Amino acid sequence: MNAAVRPIGVARPSLVSPQRWLSPALFDFWAGHLNPLWTLRQPLARLLRREPAGAGACTLVLRTNRHWRGMQPGQHVTLGVEIDGRLLQRSYSPTMLGPRELAITVKAVEGGRVSRHLVEQARIGTVFQLGPAFGEFSVPTAAPLLLLAAGSGITPMRSLLRALAAGPLAAPVDLYYWERQSDAFSFREELQALAEADPQLQVHLLATRDAQAPAARVDACDFDQLGDVPLAQRHVLACGPDGFVAAARQRLLHHVAGFQAEAFTPPAAAPDAIGEVQLTLARSGRQLVVPRGVPLLDSLEAHGLKPKHGCRMGICNTCTCHRVSGATHHLRTGEQHAEPAQPVRICVSAPTTDLVLDL
């Protein structure tokens with residue numbers, strides 16, 4: 001029989017993917033001996049170099065493997081860091097430097113196990129797990145912008161500004177960047193160089209504890225230096241600690257054309273919430289008594305439960321579940337929600353009534 005002719009009903013032999021017969025863990029173990037970034041599926045990033053980034057901070061330049069799918073400017077990723085045999089995860093907003101090269105800037109936080117490890121101890125060649133990009137922090141097309149950053153909140157702004165600076169700015173952009181001390185500003189030279197290259201960009205560096213001339217905080221800033229495009233026509237993006245974002249929202253929300261904000265610290269409990277409610281977990285039928293005004297994630301963890309979560313900032317949606325009944329208070333925006341079958345981000349939501357969640 002001619003080898004090119006197959007009898008009817010006889011299937012052509014198919015190639016078997018290695019993923020069907022080889023364990024990913026086994027493949028990763030042996031491939032890692034040849035190249036630490038070789039894996040079957042897992043996105044990884046290797047530390048190439050470290051760069052200074054202001055007092056108490058450094059920038060980690062990483063190279064990813066082919067499994068990482070990239071990101072949009074302003075998005076976040078979850079970095080998996082192994083410390084003393086334990087994998088710890090933290091969220092950061094990187095800046096893309098090339099197709100497979102990115103920079104993550106980290107500030108050492110007092111008592112922060114991961115941040116201090118990354119700033120002070122992580123060695124060149126260290127390999128980290130890298131999660132998919134998430135977040136919806138983005139700039140409106142050709143709109144006049146007011147960017148507000150405090151502390152590590154400058155990292156998504158840097159990413160957005162580098163993307164905007166790829167061509168002439170179509171509208172004015174003002175960046176206001178707060179730090180406590182003047183030596184703590186990250187990317188000072190880079191930001192000033194971007195401003196010098198495009199007259200549409202203005203950079204304002206404000207040190208709130210400068211001994212000679214302390215700058216006003218965001219809730220007291222008059223924004224008189226905005227030039228020909230007034231505050232009412234600006235789209236605002238704000239990023240920083242929870243208190244900074246809350247102050248910016250209260251100061252500007254109803255006085256600007258648009259307002260987006262992200263906080264990189266967990267939300268504070270609502271100070272005026274009093275009493276307790278009953279929380280029912282629909283899947284298990286378990287009933288808990290939890291305080292009003294406290295994030296549901298914190299309350300569940302206080303009862304020894306470990307619900308799925310990620311950034312703890314209300315950005316990544318990992319902790320989202322559905323409401324069966326009851327009402328919640330969004331600790332970032334102040335909004336009240338009581339619609340059944342609606343998603344609830346338990347890291348930034350607190351109960352206001354008895355509540356049933358699909359958990």
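Annotations
- Verdict on Asp219 being surrounded by fewer than 17 Cβ atoms within 10 Å (Cβ to Cβ) and in contact with a Lys or Arg (Cβ under 9 Å, 6 or more places away or on another chain): yes
- Among the candidates Leu288, Leu226, Leu279, Leu237, the residue that is buried (at least 16 other Cβ atoms within 10 Å of the Cβ) and over 27 Å from Cys311 (Cβ atoms) is uniquely Leu226.
- Contact map, the stretch 47-70: first residue not assigned by the TED database to the domain that holds Arg188 and modelled with pLDDT under 90, second residue open to solvent by 10 Å² or more (accessible area, probe 1.4 Å) and hydroxyl-bearing (Ser, Thr, Tyr), Cβ cut-off under 9 Å, separation 6 or more or different chains; pairs are Gly54/Thr105.
- Test: residue in the stretch 116-130 that is within 28 Å of Asp219 (Cα to Cα) and either open to solvent by less than 20 Å² (accessible area, probe 1.4 Å) or in contact with a Ser or Thr (Cβ under 9 Å, 6 or more places away or on another chain) (or both): no
- Residue in the stretch 207-228 that is under 20 Å from Asn317 (Cα atoms), in a strand (DSSP E or B) and of a type outside the set (Ser, Thr, Tyr) present: no
- With a requirement of 2 or more residues that are of a type outside the set (D, E, K, R) and assigned by the TED database to the domain that holds Leu161, the strands (runs of 3 or more DSSP E) lying completely within the stretch 99-150 that satisfy it span 145-150.
- Boolean, Val139 is in contact (Cβ under 8 Å) with a residue 24 or more places away in the chain, farther than 21 Å from Leu205 by Cβ and of a type in the set (Val, Ile, Thr): no
- Taken over the stretch 326-359, the criterion of being open to solvent by 50 Å² or more (accessible area, probe 1.4 Å) and not hydrophobic (A, V, I, L, M, F, W, C) is satisfied by Thr333, Glu335, Gln336, His337, Glu339, Pro340, Gln342, Pro343, Arg345, Thr353, Asp354, Asp358.
- Residue within the stretch 102-119 that is more than 23 Å from Pro266 (Cα to Cα) and of a type in the set (A, V, I, L, M) present: yes
- Looking only at the stretch 51-77, residues that are outside any loop (DSSP other than H, G, I, E, B) and not small (Gly, Ala, Ser) come to 11 in all.
- Some residue of the stretch 154-165 being open to solvent by 20 Å² or more (accessible area, probe 1.4 Å), more than 30 Å from Arg66 (Cβ to Cβ) and free of Cβ contacts under 8 Å to residues at least 60 places away in the same chain: no
- Residue check for Trp38: of a type in the set (Phe, Trp, Tyr), open to solvent by 60 Å² or more (accessible area, probe 1.4 Å) and either at pLDDT 90 or above or outside any helix (DSSP H, G or I) (or both): yes
- Hits in the stretch 291-317 - residues which are of a type outside the set (A, V, I, L, M, F, W, C) and surrounded by fewer than 17 Cβ atoms within 10 Å (Cβ to Cβ): Glu301, His303, Gly304, Lys306, Pro307, Lys308, Asn317
- Taken as a whole, the structure places Gln192 among residues that are open to solvent by 50 Å² or more (accessible area, probe 1.4 Å) and modelled with pLDDT of 95 or more.
- Screening Gly98 against (1) at pLDDT 90 or above; (2) over 18 Å from Pro156 (Cα atoms); (3) surrounded by fewer than 20 Cβ atoms within 10 Å (Cβ to Cβ) leaves a single unmet condition, (2).
The values are calculated or read from the model by the stated rules, or taken from the named source; none is laboratory data. Everything numeric in this text was worked out from a predicted model, so none of it was measured. Virtual Cβ from ideal backbone geometry, glycine too; neighbours counted across all protein chains shown. Protein only, heavy atoms only, side chains kept; ligands, DNA and RNA dropped before computing areas. Shrake-Rupley method; radii C 1.70, N 1.55, O 1.52, S 1.80 Å.
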